[in-house]
1. Which listed residue (PRO43, SER57, GLY29) has the Cα farthest towards the positive end of the charge dipole for the range 25-75, taking +1 on Lys and Arg C-beta and -1 on Asp and Glu C-beta about the Cα centre?
2. Using a/c under 1.5 as the rounded threshold, could you call the range 32-78 rounded, prolate or oblate? The axes a ≥ b ≥ c are square roots of the C-alpha gyration tensor eigenvalues, and prolate needs a/b larger than b/c, oblate otherwise.
3. Cα centroids of the range 17-77 and the range 92-147: how far apart, whole angstrom?
4. Can you check what the net charge comes to around ASP139, using other residues whose Cβ is under 14 Å from the Cβ of ASP139 (Lys, Arg +1; Asp, Glu -1)?
5. Could you rank the peptides 134-142, 70-78 by their average count of other C-beta atoms within 10 Å per residue, with the highest value first?
6. Taking K and R as +1 and D and E as -1, what net charge do the other residues with C-beta under 10 Å from the C-beta of MET31 add up to?
7. What number, in percent, do you get for the relative contact order of the range 1-129 if the mean sequence gap of Cα pairs under 8 Å and at least 6 apart is divided by its residue count?
8. With all protein chains present, how much of the accessible area of the chain (probe radius 1.4 Å) comes from carbon and sulfur, to the nearest whole percent?
Amino acid sequence: MESLFQANTHITILKRLESLSPSSTASWGKMNVSQMLNHCQKPLEIPLYNRDFNLKSNFLIKLLFKKSMYDDSKIRKNLPTSKAFKIIEPKDFITEKTQLKKLIEDFYELRSKESFQPHPVFGNFTTSQWGQMQYKHLDHHFTQFGV
C-alpha cells in the first residue's frame with residue numbers, strides 16, 4: 001500500500017494536484033473540483049491540528065471500516081461522507097488548491113513522528129497507517145477528477 005509518507009508517492013500526489021484545473025470535472029459524485037480540494041483538507045487536519053470535527057466513535061463503524069482505511073482496497077465510488085466533511089458551498093479553486101498543497105507538505109514533514117493522537121472515529125493508527133490512509137483518500141478523489 002502506498003503512503004503519503006513515501007517520498008515518491010508524496011511527489012506523485014503533488015504532481016497530480018498540480019494537474020487539476022478549475023475546469024476539471026468529476027467522473028462521479030456531487031462535488032466540483034474546488035469543493036473536492038476543500039473536502040480533501042479535512043482528513044489531513046485531523047492529525048496535523050488534532051481536529052475532531054465533532055466526529056464520534058462508534059464500535060460498529062470502527063470494527064467494520066477501520067482496516068479498510070489503510071488496506072489495498074479502493075474506496076467505493078459515491079460512498080456517503082460524514083456531514084463534517086460534506087462541502088456544498090462554493091469554494092475558490094486557487095485558495096483550496098494552495099491550502100491542500102500546504103497540508104500535504106505539512107503532513108509529509110511528520111513522516112518520522114512516532115505517534116499521533118487517536119483518530120476521533122477509528123482510534124489509534126500507526127504512523128504507517130496514517131500515511132496509507134491519507135494517500136488512499138487523496139488517490140480516490142484525484143482519480144474521481146481524472147488525475
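The values are calculated or read from the model by the stated rules, or taken from the named source; none is laboratory data. None of the values given here were measured: they were computed from a predicted structure. So basically every Cβ, Gly included, is an ideal-geometry build from the backbone, and we count neighbours across all protein chains shown. Please note that ligands, DNA and RNA were not included when accessible areas were found on the heavy atoms of the full protein model with its side chains. Shrake-Rupley method; radii C 1.70, N 1.55, O 1.52, S 1.80 Å.
1. Of the options given, the answer is SER57.
2. Oblate shape, in that a/c is at least 1.5 and b/c is the bigger or equal ratio.
3. Result: 9 Å between the Cα centres.
4. Computed value for this residue: +3.
5. 134-142, 70-78
6. Once all neighbours under 10 Å are counted, the net charge is +3.
7. RCO, the range 1-129: 39 percent.
8. 53 percent
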